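Worksheet: the structure to be examined is printed underneath.
The values are calculated or read from the model by the stated rules, or taken from the named source; none is laboratory data. Here the structure is a predicted model, which means the values were calculated and not measured. We place every Cβ from the backbone using ideal geometry, glycine too, and count neighbours over all the protein chains shown.
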Amino acid sequence: MGVQHRAVLFLSAWALSSQAAFAQKATAIPVEAVIARAEKQYTGYFSQYPDSTKFPRSTKEDGTILLTSSRNWTSGFFAGNLWYMARLTNQESWRRRAAAWTETLEAEKNTTSTHDLGFIINNSFGQGYALTQNPKYKEVVLQASTTLVRRFSPTVGAIRSWDFAPFTYPVIVDNLMNLELLLSAAKLSGDPALARIAKTHATTDLKYRFRKDYSTFHVLDFDPATGQLRQQMTHQGLADNSCWARGQAWAIYGYTMLYRFTRDKQYLAAAQHAADYFIQHTNKIPDHIPYWDFNDPAIPHSPRDASAAAVAASGLLELSKYSKSPKKYQEAATAMLSSLCTPQYLAAAGTNNFFLLKHSTGNKPSNSEIDVPLVYADYYFLEALWRYKNYATLALQ
Ligand code: GLY
């Protein structure tokens, strides 16, 4: 056996033993107490808002709850939260509620005006299919994926994110998350064309997304006629050359998920680089929860983004399963989750408009959703808790 081969075996054995040790210790986060809190919050929600054609998103400036229609990019998360409650409690009542808030989203499978069909359909119907194998849910996932690829341009090699100015053909880092719909659909249907489109998009993204220090640009804007990159910009971050915290978290999660489906080492490396940047910066913050943009000069008098922490924590737990250095990713995820489970971030029962987490930031430059609950923070928080609780047996594909 060559030295190189022995080194790989040693590293794999070390990674495995480190994973087993982490799984044994996985009691540090009060998962059961958070589930009990979530049961109270959602029971309160159902008693006040029983209409399953309305989807909770956030808190408005007047303090009341923001409910949306199914067309909103965040509409699928509440169903996803309920599917995670079904997984975490193994109770039929949560499956019934999850099904109710899933099935009212079905019309969106044909919506071509958004790239967020992954968030809308995969986190609701996709999660539901994973748990129930309901063939109707699979059909919706497949239909939505054929709708989403209508936004793909072979000239650019990417799916178009938004249709509004000043962008010409914007591809945002968030869009990596929507590729999970295509990769799942490719696996479910055996149609390699869907996977090819997802991989082409990821290859284009990878070419331009990162700066030298592996921080991310939020928006890549292309010329649709030539496929040339026009500009690297921001929309929700502080500046074109700053690092928007949730964008960096989408990159960690997105490239880790891409590695899960493809086993392409380039994606694993990208996920690790994005994660290392995120951890290096959150390690400077006592509770490890990022401010909304890593480069805001107003830090520490700047809003936090608990949603970025939740997305990153969930992504890092998965990344630790694939990495040869799992410990740093396990520790970073645990540090963030520990803080999110404290009263500073976890809402008391009956407060926070029945959302779980406080202190997220949606779009600071537009003065929108600053220091509020966000339904997607709760989604990735519940997913991270589920991944944490099942770490020893976590098999993501
Ligand atoms: N996809 C929009 C956001 O992350 O705010």
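Among the residues of segment 273-298, the one identified as within 20 Å of residue 204 (Cβ to Cβ) and either free of Cβ contacts under 8 Å to residues at least 40 places away in the same chain or buried (at least 20 other Cβ atoms within 10 Å of the Cβ) (or both) is 274.
Filtering 200, 226 for residues that are among the hydroxyl-bearing types (Ser, Thr, Tyr) and free of Cβ contacts under 8 Å to residues at least 60 places away in the same chain leaves a single hit, 200.
Suppose the filter is on the phi > 0 side of the Ramachandran plot and modelled with pLDDT of 95 or more; does residue 44 pass it? When the stated conditions are applied, residue 44 does not pass them.
Only residues that are in a strand (DSSP E or B) and among the hydrophobic types (A, V, I, L, M, F, W, C) were counted across segment 223-233, and they come to 2.
Determine whether segment 193-205 contains at least one residue that is away from the ligand (no atom under 16 Å from the Cβ), under 22 Å from residue 281 (Cα atoms) and not β-branched (Val, Ile, Thr). Taking every residue of segment 193-205 in turn, none turns out to be away from the ligand (no atom under 16 Å from the Cβ), under 22 Å from residue 281 (Cα atoms) and not β-branched (Val, Ile, Thr). Selection within segment 143-168: residues that are surrounded by 22 or more Cβ atoms within 10 Å (Cβ to Cβ) and among the aliphatic types (A, V, I, L, M). The member of this set that is farthest from the chain's Cα centre (by Cα) is 156. Sub-7 Å Cβ pairs linking a first residue in segment 373-394 that is among the β-branched types (Val, Ile, Thr) to a second residue that is assigned to a helix (DSSP H, G or I) and surrounded by 24 or more Cβ atoms within 10 Å (Cβ to Cβ), at least 6 apart or interchain, are 375/77; 375/78, ordered by first then second residue. Figure legend. Inter-residue proximity from segment 348-366: first residues within 14 Å of residue 66 (Cα to Cα) and part of a loop (DSSP other than H, G, I, E, B), second residues acidic (Asp, Glu) and within 16 Å of the ligand (Cβ to nearest atom), beta-carbon distance below 6 Å, spacing 6+ or different chains. Indicated pairs: 355/378.
Taking the criterion of being without any contact (Cβ under 8 Å) to a residue 40 or more places away in the chain and within 16 Å of the ligand (Cβ to nearest atom), the residues of segment 138-188 that qualify are 148, 151, 164. Of the residues screened, residue 119 is one that is within 16 Å of the ligand (Cβ to nearest atom) and either crowded, with 24+ Cβ neighbours inside 10 Å or modelled with pLDDT of 95 or more (or both).
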